[in-house]
Every structure is written in C-alpha cells, then in structure tokens.
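What follows is a single structure, written as structure tokens, with notes after it.
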Amino acid sequence: MDYFFLSSLSSDPLTDRLVISYDIACQWSQNLMSRCQSYPSNTISQAQDLRVMYLIPKFHLNAHISSCQASYLFNFEPFVGRTDGEAPKHAWADSNGVATSTREMGPGSRRDMLDDHFAHYNWSKITSFGKL
C-alpha cells in the first residue's frame, strides 16, 4: 500500500496539508513517515512542514473502536467539511469503461478525457435531481 500511495503523489506537488481517507487509516498511518524513508526519493520524504490528516470514511468508522471513531472522524477536522470520505468510489463503476479507451493515450489526452467523462457524470447526476 505504501508504494501505491507514494506513486499516486509523485505527479502532483504537495502544499502544506494532505488529507488521507482510508478504511484502516488508524493502523496504516502508524510509522508511515519512517516507512516512506525506505523508498527512493519521494514527495512525502522531501516535504517540509507538511501536515497530514489521516481520516476514516464514515461508512467504515462504526467498525472501529471508540478511540478511533473520535480521532479519525471527518467531522472534527477543519477544511474537510461534512465529507463522508466515500465519494471518490461512487463513480468507479461508471468509469470502468473509460479505462480501455484511455490506456494508450498520452498523459495530457488521458487527463482531458477523464475530465470530460467525470464532468458529464456530474452533470448527469445534477440534472437528474429534479425540481425540489
């Protein structure tokens, strides 16, 4: 998991804050920074004054003990709003078909295609709300 996490951060520069939402963040976060030092040059190891927030998505939080629920709840952290932590997963089933058509694209074309796909997904979702 550490390798995939570091790889996903390699293409984007970090600011001063990183929010990590993971089902078992309470366990995985233990000694993460020292484990990152064992990998070749990476974004986390080079970051200065980086504040990392480890949070557990609300769907998974009830399976944890009380101390985890209090320490890793989205509601108590600033700058994350009333996030449930599961939203990125909602569009996965709809985006699986895009994978085969984007795998041979260059990075710019692939990113544009994915942006268009998810923009359409969001537009479709919003326009299907109906009148309130």
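The values are calculated or read from the model by the stated rules, or taken from the named source; none is laboratory data. None of these values were measured; they are calculated from a predicted model. Cβ coordinates were reconstructed from backbone atoms using ideal geometry, including for glycine residues, and neighbour counts include every protein chain displayed.
Can L61 be described as modelled with pLDDT under 80 and either small (G, A, S) or surrounded by 13 or more Cβ atoms within 10 Å (Cβ to Cβ) (or both)?
Details: modelled with pLDDT under 80: no; either small (G, A, S) or surrounded by 13 or more Cβ atoms within 10 Å (Cβ to Cβ) (or both): yes.
Criteria not met by L61.
Kindly indicate whether any position in the range 64-73 is in contact with a strand residue (DSSP E or B) (Cβ under 8 Å, 6 or more places away or on another chain) and surrounded by 10 or more Cβ atoms within 10 Å (Cβ to Cβ). Yes.
If we keep just the residues of the range 98-131 that are in a helix (DSSP H, G or I) and acidic (D, E), which is nearest to the chain's Cα centre (by Cα)?
We begin by selecting, within the range 98-131, every residue in a helix (DSSP H, G or I); these are 98-102, 107-127.
The next check asks that each one be acidic (D, E); those that pass are 112, 115-116.
Working: D112: 20, D115: 16, D116: 20 Å.
So, considering only residues that are in a helix (DSSP H, G or I) and acidic (D, E), the one nearest to the chain's Cα centre (by Cα) is D115.
Exactly one residue out of S38, S45 is loosely packed, with under 10 Cβ neighbours inside 10 Å, under 20 Å from F5 (Cα atoms) and modelled with pLDDT under 85, and it is S38. So for the range 70-86 (the condition being under 30 Å from H117 (Cβ atoms), out of contact with any Lys or Arg (no Cβ under 9 Å at 6 or more places or on another chain), among the polar types (S, T, N, Q) and assigned to a helix (DSSP H, G or I)), does at least one residue qualify? No; the residues of the range 70-86 include none that is under 30 Å from H117 (Cβ atoms), out of contact with any Lys or Arg (no Cβ under 9 Å at 6 or more places or on another chain), among the polar types (S, T, N, Q) and assigned to a helix (DSSP H, G or I).
One residue is enough: does the range 19-30 have a residue meeting the conditions assigned to a loop (DSSP other than H, G, I, E, B) and more than 21 Å from D84 (Cβ to Cβ)? For the range 19-30, residues assigned to a loop (DSSP other than H, G, I, E, B) and more than 21 Å from D84 (Cβ to Cβ): present. Restricting the range 49-58 to residues that are at pLDDT 85 or above and in a loop (DSSP other than H, G, I, E, B), which is farthest from C26 (Cα to Cα)? My answer is P57.
Identify all residues within the range 85-132 that are under 27 Å from Y54 (Cβ atoms) and loosely packed, with under 13 Cβ neighbours inside 10 Å; write none if there are none. Talk me through it step by step, then tell me what you get.
If we filter the range 85-132 for residues that are under 27 Å from Y54 (Cβ atoms), which is where we start, we get 85-93, 95, 114, 118.
Within the range 85-132, A87, P88, K89, H90, W92, A93 meet the criteria.
Let me confirm something: among L32, L18, L50, which residue is in contact with a strand residue (DSSP E or B) (Cβ under 9 Å, 6 or more places away or on another chain), surrounded by 14 or more Cβ atoms within 10 Å (Cβ to Cβ), outside the structural domain of L114 (by TED's automatic domain parsing) and within 30 Å of I126 (Cα to Cα)? Can you show your working first?
Numbers: L32 fails: within 30 Å of I126 (Cα to Cα); L50 fails: within 30 Å of I126 (Cα to Cα).
The unique qualifying residue is L18.
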